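Engineer: Quick one: this structure, given as structure tokens, is what I'll be asking you about.
The values are calculated or read from the model by the stated rules, or taken from the named source; none is laboratory data. If you're wondering where the values come from, they're calculated on a predicted model, not measured in any experiment. When we count neighbours, we look across all protein chains shown, and the Cβ atoms used for this are built from the backbone with ideal geometry, even at glycine.
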Amino acid sequence: MNLKKLISRGVALVALLCSFGTVAYAQEIPTDQEVRVGKLDNGLTYIIRRNTEPKERAHFYIAQKVGSILEEDSQSGLAHFLEHMAFNGTKNFPGKNLINYLEKVGVRFGYNLNAYTGFDETVYTIMDAPTTRQGIVDSCLLILHDWSGCISLEEKEIDAERGVITEEWRGGRNAFSRMLEKVLPNIFPEGNLYGKRMPIGSMEVVNGFKYQELRDYYKKWYRPDLQGLIIVGDVDVNYVENKIKEIFKDIPAPGPDAAERVYTKVEDHQEPLIGIATDKESPMTLLMLNYKRDALSREDRASIKGILLEYFSYVVTYAMNERLEEIAHKPNAPFLGAGVEDGSLLGFAVTKDAFGFTAQVKEGGLKEAMNALVAEKNRLIKYGITQGEYDRAKTEFLKNLDNAVKGKANRKNASYAEEYKEYFLKGGMLLTPETKKMMFDQLAPNIPLAGLNQYVQQSLIAPYDNLSIMVLGPEKEGVEMPTKEATLAMYKEANAIAVEPIKETVSNVKLMETLPKPGKVTKVEKNISFGADKWTLSNGAVVYVKPTTLKENQILLSGRSKGGLLPYYEKELDNAKVFGSAIEVGGLAQFSATDLPKVLAGRSASVSTSVDYVGENVSGSSTKDDLETMFQLLYLNFTAKRTDKEAYQAFKERTISNLNSQKANPMSVLPDSISATIFNNDKRVAALSVENLEKANYDRIMAIYKERFSNAGDFTFALVGSFTEEEIKPFVEQYIASLPATKVREKAMSDKVPGTAAKGRINHFSKTVDTPLAVVVDLYAADGKISLENELKMDLLTAVLSQQYTKSIREEEGGTYGVSVNGSYSRYPVATKRLNIVFNTAPEKAEALNNKVKSELKEMAEKGIDSSYLEKSILNMEKNYHERLNENSYWLGLIWREIEYGEDFHTDYLKTLKSITPQGIQAYLKEILANGRYFEVVFKGVKEEGK
């Protein structure tokens, strides 16, 4: 295929799209030749690609064009239940052997091994499996084979999983899910299956279906003509293809009587469909307007028409989100926040697309929000987007394509696997980044703004037909939700309001008109930290530079100085609490927080600043092309942080409204209750309050910021990535060595940092909720020396405990969807190790399950741990270590650890990891339990009596 000829046809198609909105135009497009796509005689599709990022790793997916939409009413929840059963025994991996095998080669259940169920698909994933041995590749393919047609579905395993899924349902049964369940039947046409097929299903069905019903569903729908294998990674493509043909040949093709896979259509309608739902625990009101149209066919997705419409969609959503963001940042804004999305209706209806507006509404402000959203819809239809908006969106789109080309060598397995999954499920094109960039480098300049706006006005948003309106909000005294009739009247009134064209606030403006006078690198010390050179600058700042070839188009920046907010917490608590958010609302130099992204459109560079208890922090990143932009942003963050009182007032209004709304959610008190228990009611770690916001002084906050960033001489910076020292030195001298500085060198008040309470505490409390739920938090804190060995022991201990509690609390008891186990070390005020165990369950089970958690912990300390758990955890950590070696962020972290604390957590990592024994972990756990403080927080959400 001649690409130039194709592009010229694409330009002609643009004219047709702009003139007529849609047109049938399928044209072959050159595909990525590095992707192997095939189909077996039984109908099974496979997609294979060799990729070495990371080396010696691969992703193995099996995607099924099967989901909850295919259930009958009596089967509600079986698609999701079947997904769970895939991990509970198959033909070649009975019982828990599938999980055990993969964990023995370093693939951890719940992390690298997972699955999900949607309305129209079910996808199983084995991620970052080692490919160092051919046997591992063969075994992963055999697992996909078993998932395809050989899941055991044993009765005892089915019964054990009922409780697990009930607890998963319980954990996700929040106000939003309940309201969505109420409203979906109203915003889909009557009887449409999308309105009543939530994947989690009915717990009545989950806990009562007969074994054969699940087996029948499995046999009916899990079959090769609806399945696709995706294998991406460091593999031999020919070998994998031949192995697929060998392993999967015994899976039979569907017979002539096989059920037809019919995709559920979403019927058109003339009058708007309106759904309104309330919930006592809803913390906010949401307004959603969805303007629907038919989704593209698989044929259109695989044509130049599909790729052009993808571009149109990107441009319009970019422009509209820019507008809505700007409105939200004004005082007395008509909504707390708003945005648009263009794609599958509500994110899941694959046969219907929608251009959707969503707004978070102020209490009592529904009409105001409706007027604002409809006004922006009408403004778009009447006037289109502006030339400035189009130029920025187009520049950003083309920049993303350019970055994809430059970053191709570093593209991860996961990125390819997700792309190929979507291709299998929905269709589309498998293009190389180079092909797509070449197409749009020539197409984009030939797509005029007038033509794009004509398409938008005629085809993207119908003025009235196929509209659905959703209103979700709190059920509370003083807040009255409108009826459907009143909502429709409100919409019609809003639709009648005249609109004016938007006015541009930013044109082609430079980020910095005048550059600072450069300083100098005055001293160079070679190979000071993990291959990084140390540069001392003329203003006293220090910069560590480490060029790498790990990522072809990535540069990372970080900086730190001692000082922090602790002195201000002592005397200005409210300012210190609000500080982190307030400093970001104003923007930089002459650019507001909403104008700054416009100036940066098409540039891949960012810098952020923050201040914690003990220091000031800078973080940034860029591509090679935008390196100077990153340095300019750094300079402006030090010298020109912008004060914007109107933007601060808008931020204050939004935040106070959100804080007040959160009170409706009984769970909102839990984080603060945990902090109060562990940190002995220290106000510095308490959640942000309305009182903090009312008392905070914005001018003083900005003055504190300037104090904290007025002395670059007290800062140390580090740069890691794809640069040479010759390339980066001019920027360091221009933008860092030129920063204002003094001779002052601060010290951190590290002994004043909030620390774990000196004595353990127990805090049990309850709230009335709609869906009964208990949350159990166990925390053990003990003084402990920070060292490589100790941190590795903590990581291994938490991994071992996760496996133990998955077995006992999830699988044997069926008492929870999962037990979260985390461990960490804090350095201040004294070195402390913390072991944290958290799980959700039914309130009536909380005490017994927590007793079991604690008794098993004690038993492991006394009798030892399961050595197989430790062996699998060490393998997983070793695998992860080798993957981290290829990340710039890993080396940046090592440099900082050595700079600040003189610690080397790299050189002896593997030696130390492999030296840790079951006895060592046992002793480590025993020491935590013997010398630690125990904190227990149990929240019980219980039903109101009589309900």
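Engineer: Pairs only if they're at least six apart or on different chains, beta carbon under 7 angstrom, first in the stretch 648-672 and outside the structural domain of Val479 (by TED's automatic domain parsing) and without any contact (Cβ under 8 Å) to a residue 40 or more places away in the chain, second part of a helix (DSSP H, G or I) and crowded, with 18+ Cβ neighbours inside 10 Å; list them, first residue then second.
Structural biologist: What qualifies is Ile656/Leu693.
Engineer: Looking only at the stretch 34-67, count how many residues are outside any strand (DSSP E or B) and of a type in the set (A, V, I, L, M).
Structural biologist: Qualifying residue count for the region: 3.
Engineer: Having 1 or more residues that are in contact (Cβ under 8 Å) with a residue 24 or more places away in the chain and of a type in the set (Gly, Ala, Ser) is the bar; report the strands (runs of 3 or more DSSP E) wholly within the stretch 518-623 that clear it.
Structural biologist: Here the list reads 521-529, 532-537, 555-562, 605-611, 615-622.
Engineer: Right, another one. Give, as residue ranges, the helices (runs of 4 or more DSSP H) completely inside the stretch 832-947 that count at least 3 residues that are among the basic types (Lys, Arg) and in contact (Cβ under 8 Å) with a residue 24 or more places away in the chain.
Structural biologist: In the stretch 832-947, the matching helices (runs of 4 or more DSSP H) lie at 846-863.
Engineer: Can you tell which of Ile244, Ile251 is crowded, with 18+ Cβ neighbours inside 10 Å, in contact with a helix residue (DSSP H, G or I) (Cβ under 8 Å, 6 or more places away or on another chain) and either more than 21 Å from Ala79 (Cα to Cα) or charged (D, E, K, R) (or both)?
Structural biologist: Ile244
Engineer: Further, regarding this structure: Asp236 - would you say it is at pLDDT 95 or above, surrounded by 11 or more Cβ atoms within 10 Å (Cβ to Cβ) and in contact with a strand residue (DSSP E or B) (Cβ under 8 Å, 6 or more places away or on another chain)?
Structural biologist: So Asp236 fits the description; yes.
Engineer: Let me confirm something: among Ser558, Ser538, which residue is buried (at least 18 other Cβ atoms within 10 Å of the Cβ) and not basic (Lys, Arg)?
Structural biologist: Ser558
Engineer: Still on this structure, I have one more. Considering the stretch 711-738 alone, what residues qualify as being touching a Phe, Trp or Tyr at 6+ places or on another chain (Cβ under 8 Å) and farther than 20 Å from Ser622 by Cα?
Structural biologist: Ala712, Ser738
Engineer: OK, next. Checking Asn822 against (1) within 30 Å of Ile874 (Cα to Cα); (2) surrounded by 17 or more Cβ atoms within 10 Å (Cβ to Cβ); (3) touching a Leu at 6+ places or on another chain (Cβ under 9 Å): exactly one of these is not met. Which one?
Structural biologist: All conditions are met except number (2).
Engineer: Restricting the stretch 197-209 to residues that are outside any helix (DSSP H, G or I) and touching a residue at least 40 places away in the same chain (Cβ under 8 Å), which is farthest from Lys265 (Cα to Cα)?
Structural biologist: Selected residue: Asn207.
Engineer: Please verify whether Ala748 is outside the structural domain of Gly172 (by TED's automatic domain parsing), more than 30 Å from Glu168 (Cβ to Cβ) and at pLDDT below 95, treating the condition exactly as stated.
Structural biologist: The answer is yes for Ala748.
Engineer: Here is a further query. Given the criteria assigned to a strand (DSSP E or B) and at pLDDT 95 or above, does Tyr491 qualify?
Structural biologist: Taking the combined requirement at face value, the residue does not satisfy it.
Engineer: Right, next: Could you tell me whether any residue of the stretch 166-187 is crowded, with 23+ Cβ neighbours inside 10 Å, touching a helix residue (DSSP H, G or I) at 6+ places or on another chain (Cβ under 6 Å) and outside any strand (DSSP E or B)?
Structural biologist: The answer is no, given that none of the residues of the stretch 166-187 is crowded, with 23+ Cβ neighbours inside 10 Å, touching a helix residue (DSSP H, G or I) at 6+ places or on another chain (Cβ under 6 Å) and outside any strand (DSSP E or B).
Engineer: For the stretch 327-341: of the residues being crowded, with 19+ Cβ neighbours inside 10 Å and touching a residue at least 60 places away in the same chain (Cβ under 8 Å), which is farthest from Leu184 (Cα to Cα)?
Structural biologist: His329
Engineer: Working only within the stretch 872-917, note down all residues that are more than 30 Å from Leu719 (Cα to Cα), in contact with an Asp or Glu (Cβ under 9 Å, 6 or more places away or on another chain) and either surrounded by 14 or more Cβ atoms within 10 Å (Cβ to Cβ) or of a type in the set (A, V, I, L, M, F, W, C) (or both).
Structural biologist: Lys872, Ser873, Leu875, Ile916
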